[in-house]
1. Using alpha-carbon positions, what is the distance between the centroids of the stretch 208-266 and the stretch 1-50, in Å?
2. To the nearest 20 Debye, how big is the dipole of the chain about its Cα centre, given +1 on the beta carbon of each Lys and Arg and -1 on that of each Asp and Glu?
3. Bin all alpha-carbon pair distances of the stretch 329-474 at 10 Å intervals from 0 and give each bin's fraction as a whole percent.
4. By counting other Cβ atoms within 10 Å of each Cβ, how are Ser233, Ser224 ranked from fewest to most?
5. Filter the cross-link list Lys251/Lys388; Lys51/Lys98; Lys251/Lys470; Lys67/Lys105; Lys67/Lys327 down to pairs whose alpha-carbon distance in this structure exceeds 29 Å.
6. Which whole-angstrom value gives the distance between the alpha carbon centres of the stretch 52-115 and the stretch 477-549?
7. If the cut-off is a Cα-Cα distance under 27 Å, which lysines reach Lys208, setting aside same-chain residues fewer than 8 apart in sequence?
8. Quick check on packing: order 247-260, 507-520, 397-410 by the mean number of other C-beta atoms within 10 Å, highest mean leading.
Amino acid sequence: MIQGIGAAAGVAIGRAFVLPAWEMDVQDRQLETIDLGKEFDRLHEGIITSKQEIEEIRNEIQVMVGKEESTIFDAHIAILEDPVFMSEVRGIIERQYKAAEVAVKEAIDHFVAMFDLLDDEYMKERALDIKDVGNRLLKHLLGTPEVTLPKNNEPYILVAHELSPSQLVHLNPSNVLGMVTMVGGKSSHSAIMARALGIPLVSGFENKLDPMIQTGDMLVLNGSSGCLYVNPSSEVIEQHTIVAEKLRRRKEQLQLLAAEDAVTLDGVHYHLAANISSYKEFELAVKHGAEGVGLFRTEFLYMDRQELPTEEEQFEIYRKVAEHAGKHPVVIRTLDIGGDKQLEYFPLPEEDNPFLGYRAIRISLDRHDLFKTQLTAILRASTHGSVKIMYPMITSAEEIRSANLILQEAMADLDNRGIPYDREIPVGIMIEVPAAAASADLLAAECDFFSIGTNDLVQYVLAVDRMNEKIAHLYRPYHPAVLRMLKMTVEAARLHNIQVSVCGEMAGDERSIPLWAYLGVHHLSMSPQSLLRIKHSILNLAAAEEAGIGRDCFACRTAGEIEDLLSSRAQLES
Ligand code: PEP
Ligand code: MG
């Protein structure tokens, strides 16, 4: 047995396919002054083609895996557009008269060496991204063919020195039993993607394998423990076959729950809806038994394009989702850009604190034109299903009132155009800013429902930027202060008899269930991948018992104590 790093859980048993190392053969080539212009054109074309290709991959990943994983490729585009990287490449061509591919290769080597010197694992892994982007650009400059994977339908375990997200995207997940890489760790983008795709991955075997694995070798790996066996004994294969079979059955069993109601052993019903950002994601949610959509992140309809989506374009997608959701509600959140979500064609001002700045409802209230178009499209879709409107990042009753005034304008326009819509369309707000939680009793009187956005709520309550790796350990959803914000919000909703749901990541974490049981939250909305797992937990517990644990959490003084309590509980149940 060889010990590596467990990077994506699961057990795989099968034959190895070793990905040939892809060494780019870059010949040193000097240019004449007269050729410089042509060389820049060639570089430019290579960049454009690479960018288009990355965009295509990103869109594919968004559908296949999820939007969070697809942002890896936004980072790749950013590298292609990075002024420091690109000016290094251009400088080598211009000053040293070197061919574009030579300049790109030298720039990659330089930056990778620089990142490698850093003492930070995360930054070291970013060097892989630079290599990935650089190799893609080189491929377009040199016309080097892509590595071909086995074409027959025999499943295999992929072995590579390192795997880039771009290589992963070309894999057919149903053919890949598992993956082994020599370099890369838990936080590499490939590991993130492997986890989302459900492919077991072990890594960190550089200098540990002698002899090196050959195509056709029998492999057994465990993506949780990081163990790898090369040509193991039949006992090892047998033991792991049993574990793999157990895991496979669990997946199958979970899928059987798709059509079941999420009811606890003591009869408490939970409504489990999905967070989506596209129609494709909605389809996945339906397959996983979602009872409608608790959060439609509409900003993704505004991305990957050159101009704002028209009323008609938006109407079409909202209608399609509403229609297919049937009786289940579809909560459409109005545009939530700013912070980490930007639109290429709608530049936002540079800000010192973008998360505290011009974003979400603040932009909508500043840009009536844009907001009214979206509200009109949502209203038109409202006759095709059970549609609700939700405003993001609300901090005051004034904002709700101002937004409603524009909603009324949109309604009046539709009246003039003779287009029907639901006059009683429910209008709710996200509770994701401490101000909203602290004044939830006042806001509840101004809207039809609350949805708690714990992702932002946690960052604002704890003053911890949710994007900042350096302080990621301080981002603690189970902090007592967060729990108190949740309680305040739920109590205010109950007092005013409006529905309250949770749509942040906490909803998809089984450790939170005792909190919802104690607080009396029965509506949860989460990523489609989490739905069946959460449903399974709910089906196997008694709400009254969970509520007791939830109550104990409120007596804890530290996030650590709460985490311990909830983790041991979740382990007991799994
Ligand atoms: C949240 O903030 O919890 C939320 C659901 O919205 P987003 O993650 O899109 O900011
Ligand atoms: Mg949010």
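Laboratory data are not the source of any read-out in this text; all were calculated from the coordinates shown. The shown structure was predicted, so the numbers you read here are calculated from the model rather than taken from an experiment. Every residue, glycine among them, receives a Cβ derived from its backbone with ideal geometry; neighbour counts consider all protein chains shown.
1. Value for the Cα centre distance between the two parts: 31 Å.
2. 1280
3. Using 10 Å bins, I get a P(r) of 11, 38, 34, 14, 3, 0 for the stretch 329-474.
4. Starting with the residue having the fewest Cβ neighbours, the order is Ser233, Ser224.
5. Result: Lys251/Lys388; Lys251/Lys470; Lys67/Lys105 exceed 29 Å.
6. 42
7. Candidates past the 8-residue exclusion: Lys124, Lys131, Lys186.
8. 507-520, 397-410, 247-260
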